[in-house]
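Here's the structure we're looking at; comments come further down.
Any read-out appearing in this document is the output of simple, stated calculations on the displayed coordinates, not a laboratory observation. This is a predicted model, so every value here is computed, not measured. Don't worry about glycine lacking a Cβ; one is built from the backbone with ideal geometry, like all the others, and counts go over all protein chains shown.
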Amino acid sequence: MKKIENANLKSYNTFGIEGYCKNMIIIEQEKDIQLFFDHDYQADERYFVLGGGSNVLFSDFFKGTILHISTDDIQKREETDQYVLLNVAAGTPWEKVTQYALENHLYGIENLAGIPGNTGSCPVQNIGAYGVEVKEVIDKVEGFYLHSGEPFMLTNSECAFGYRNSIFKTKLKNSCLITSVTLRLSKIEKYTLHYADLKKRIDESLQNLSLQSVTDAILMLRNSKLPDVKEVGSAGSFFKNPIIGQEHYHRLLIEFPTLKAFSTNSGEVKLAAGQLIDLCDWKGYREGDAGVWANQALVLVNYGTATGAAILALCKKIQRSVYEKFCVYLEAEVYLL
Ligand SMILES: Cc1cc2nc3c(=O)[nH]c(=O)nc-3n(C[C@H](O)[C@H](O)[C@H](O)COP(=O)(O)OP(=O)(O)OC[C@H]3O[C@@H](n4cnc5c(N)ncnc54)[C@H](O)[C@@H]3O)c2cc1C
């Protein structure tokens with residue numbers, strides 16, 4: 001376990017933003033977890049758990065303790081003819097889990113290949129891409145409550161997963177340290193290919209469907225739209241796709257007939273936030289080193305030395321202009337700290 005006072009968080013977030021916190025504790029091994037709760041834990045301290053930092057924006061000095069968990073382990077817990085249960089330590093890079101699935105012919109998370117971040121964070125916003133959400137394979141989530149230091153185990157249904165949402169963003173927001181996630185991956189070959197861009201690419205270029213070819217298609221699609229965080233700082237999609245009522249949608253259609261929409265289970269309509277931002281002419285916009293990615297308007301970027309405050313100011317301008325044009329509020333998907 002490492003402890004750093006007044007830590008610089010620049011290398012701990014994919015935006016590459018310079019940010020500081022009062023204290024940082026790095027939990028490197030399984031045994032550090034108990035050590036932390038036995039010796040360092042203070043019930044009245046403000047904690048923020050940080051994984052790979054690919055969904056956060058630091059815009060101010062954090063006056064509490066950042067808990068960074070980097071435990072890295074994948075254990076097979078159960079296997080049948082149908083599925084495998086994998087227990088994955090929270091700090092394991094998600095990329096390593098999708099690679100493990102690929103190498104071991106396990107199905108269910110191939111569409112989520114290429115999403116940055118660690119496994120402990122994947123249930124928090126129920127990561128999703130190309131028609132698949134991680135809730136479809138999560139068996140259980142284990143960890144500790146930060147207000148009491150007590151352990152917990154939540155089943156899939158107890159996690160209350162929704163679109164980019166879960167109990168860890170609502171009732172249990174900022175109050176848990178997730179230490180492991182158990183995934184149920186299928187041994188039966190089956191793909192989810194209904195997402196329009198993916199279907200097009202598969203139809204066009206893939207003769208022999210396989211886990212490898214689907215993964216490759218997903219990675220190609222992602223690379224064509226998203227910046228490589230090693231070169232340009234970002235947190236992926238900055239905003240959630242907004243959900244509006246049918247009446248509101250039909251009113252908007254009169255003025256904006258090309259609006260993309262997806263129906264939701266609740267009978268409402270999900271709009272494409274990227275298209276709304278694009279229609280407000282933000283795509284490719286740049287102000288100093290803060291900007292909007294030219295290939296995907298949903299992605300705010302740091303070209304080098306942008307501050308968290310500059311990215312936040314740009315976020316607010318975009319929210320205002322989208323609201324003025326469509327009467328739709330864009331909620332940030334990124335956690336603002
Ligand atoms: C280029 C790019 C592309 C992306 N594409 C996608 C995409 O397609 N789909 C998608 O859903 N997301 C996407 N994201 C967002 C991001 O990768 C995911 O949200 C990811 O799960 C965040 O993981 P992280 O470890 O970086 O979490 P962090 O950014 O460190 O934290 C995110 C949230 O999870 C909490 N958290 C982290 N670890 C723990 C833990 N152990 N216990 C409790 N709480 C914890 C944090 O407190 C915070 O609230 C993208 C990001 C980037 C930069």
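Which one of Ser321, Ser175, Ser266 has the biggest mean-square fluctuation once the chain is modelled by GNM with Cα springs under 10 Å?
In the Gaussian network model the winner is Ser266.
Can you give the local net charge around Phe326? Use residues other than it whose beta-carbon is closer than 11 angstrom to its beta-carbon, Lys and Arg +1, Asp and Glu -1.
Combined, the nearby Lys, Arg, Asp and Glu give 0.
Taking amide H positions as placed in the peptide plane 1.01 Å from N, state which residues far from Ala235 in sequence (5 or more) or on other chains have amide H under 5 Å from it.
Leu300
Aspartates and glutamates near Lys22 by alpha-carbon distance under 17 Å, same-chain residues fewer than 8 away left out - which ones?
Glu5, Asp40, Asp44, Glu45, Asp60
Which aspartates and glutamates have a Cα lying under 18 Å from the Cα of Lys270, excluding residues fewer than 8 positions away in the same chain?
Leaving aside aspartates and glutamates fewer than 8 places away in the same chain, those within reach of Lys270 are Glu133, Asp197, Glu247, Glu255, Asp278, Glu331, Glu333.
Hey, rough spin-label estimate for Leu209 and Glu5, points 7 angstrom out along Cα→Cβ, what's it come to in nanometres?
Result for the modelled spin labels: 6.0 nm.
Once you list every other residue whose beta carbon is under 14 Å from the beta carbon of Lys63, what net charge do they have if Lys and Arg are +1 and Asp and Glu are -1? List each step's numbers first, then the result.
Numbers: positive: Lys22, Arg46; negative: Glu5, Asp44, Glu45, Asp60.
Net of charged neighbours comes to -2.
How would you rank Glu150, Glu142, going from fewest to most other Cβ atoms within 10 Å of each one's own Cβ?
Glu150, Glu142
So for the pair Arg222, Lys22, with labels modelled 7 Å out along Cα→Cβ, what separation do we get in nm?
Each label point is offset 7 Å from its Cα along the Cβ direction, giving 3.6 nm.
Beyond a 20 Å Cα-Cα separation, which of these cross-linked pairs lie in this structure: Lys96/Lys135; Lys200/Lys260; Lys76/Lys173; Lys169/Lys225?
Result: Lys76/Lys173; Lys169/Lys225 exceed 20 Å.
Where does region 5-85 land on Rg/Rh, using Cα atoms and the Kirkwood Rh?
In region 5-85, Rg relative to Rh is 1.11.
Please sort by residue number the trypsin sites (Lys or Arg not before Pro) in region 167-196 whose DSSP state is loop and whose Cβ has at most 13 other Cβ atoms within 10 Å. Numbers along the way, then the final one.
Details: sites: Lys169, Lys171, Lys173, Arg184, Lys187, Lys190; in loops: Lys171, Lys173, Lys187, Lys190.
Answer by residue number: Lys171, Lys173, Lys190.
Using DSSP to call loops (not H, G, I, E or B), can you name the chymotrypsin sites (Phe, Trp or Tyr not before Pro) in region 307-337 whose Cβ has at most 14 other Cβ atoms within 10 angstrom?
Sites meeting the loop and neighbour criteria: Tyr329.
What whole-number value in cubic angstrom gives the convex hull volume per residue for the C-alpha atoms of the chain?
139
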